[in-house]
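Visitor: Shown below is the structure under consideration.
Please treat every number below as a calculation from the coordinates, not as lab data. All values derive from a computational prediction rather than experimental measurement.
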Amino acid sequence: MSNVKSKIYLAITANCHSTLPIYSILNPSDTEKPQLYCPPNKEINKNASTMEVMVFWEPPTVFDNSGSHVKTFTEAVNGSKRAVGEYTIIYTANDDAGNKAECSFIIAVASKCQIKGAF
């Protein structure tokens, strides 16, 4: 337990009263990054009559050896509209000890052409 340190935070209310102390435990001996598993690459066919299609994907799965909370972040917006093209979706995970992991996958949007009639 000699490697475990803690910080004490006090929240101050609008009336300048302090609340009960909030303890944050840091574990500097945790040097293992979180395990972050992104979903597989995905191809989506859009209808030729539309310019964009709504794109959805499963969020990554994350585990940490310490059992502490892991925060995940991405700049991509799940459920956003995308035109034809390939998009790399990058996720980052940070555990409470500051260890970081990344994973990525590709969303490919293709146009689904429907040819009617004869040439």
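Visitor: Quick one: which residues, 5 or more positions from residue 46 or on another chain, have an amide H under 5 Å from its amide H? H modelled 1.01 Å from N in the peptide plane, none for Pro or chain starts.
Guide: Long-range HN contacts for residue 46: 110, 111, 112.
Visitor: Quick one: which residues, 5+ away or cross-chain, put their amide H under 5 Å from the amide H of residue 65? H built at 1.01 Å from N.
Guide: 35
Visitor: In terms of Cα to Cα distance under 19 Å, which aspartates and glutamates are near enough to residue 81, apart from those fewer than 8 places away along the same chain?
Guide: 43, 52, 58
Visitor: Then there's this: Using the Karplus equation 6.51 cos²θ - 1.76 cosθ + 1.60 (θ = phi - 60°), what ³J(HN,Hα) coupling, rounded to whole Hz, does each residue of the stretch 85-102 give in order, writing x for Gly and Pro?
Guide: Along the stretch 85-102, the couplings run x, 10, 10, 8, 9, 10, 10, 10, 10, 10, 8, 5, 8, x, 6, 10, 9, 10 Hz.
Visitor: Another question, if that's okay. Along each principal axis of its Cα atoms, how long is the stretch 29-112 end to end? Whole angstroms, biggest number first, please.
Guide: Reported extents, whole Å, longest axis first: 56, 17, 14.
Visitor: Please compute the contact order of the stretch 29-112 in relative form: average sequence separation of alpha-carbon pairs under 8 Å and at least six residues apart, divided by the residue count, as a percent. All intermediate terms of the calculation are to be shown ahead of the outcome.
Guide: Numbers: 178 pairs, mean separation 34.8, N = 84.
It rounds to 41 percent for the stretch 29-112.
Visitor: Residue by residue through the stretch 31-46, what is 3J(HN,Hα) from phi via Karplus (6.51 cos²θ - 1.76 cosθ + 1.60, θ = phi - 60°)? Round to whole Hz and write x for glycine and proline.
Guide: My calculation for the stretch 31-46 gives 10, 8, 6, x, 9, 10, 10, 7, x, x, 4, 9, 10, 10, 9, 9 Hz in order.
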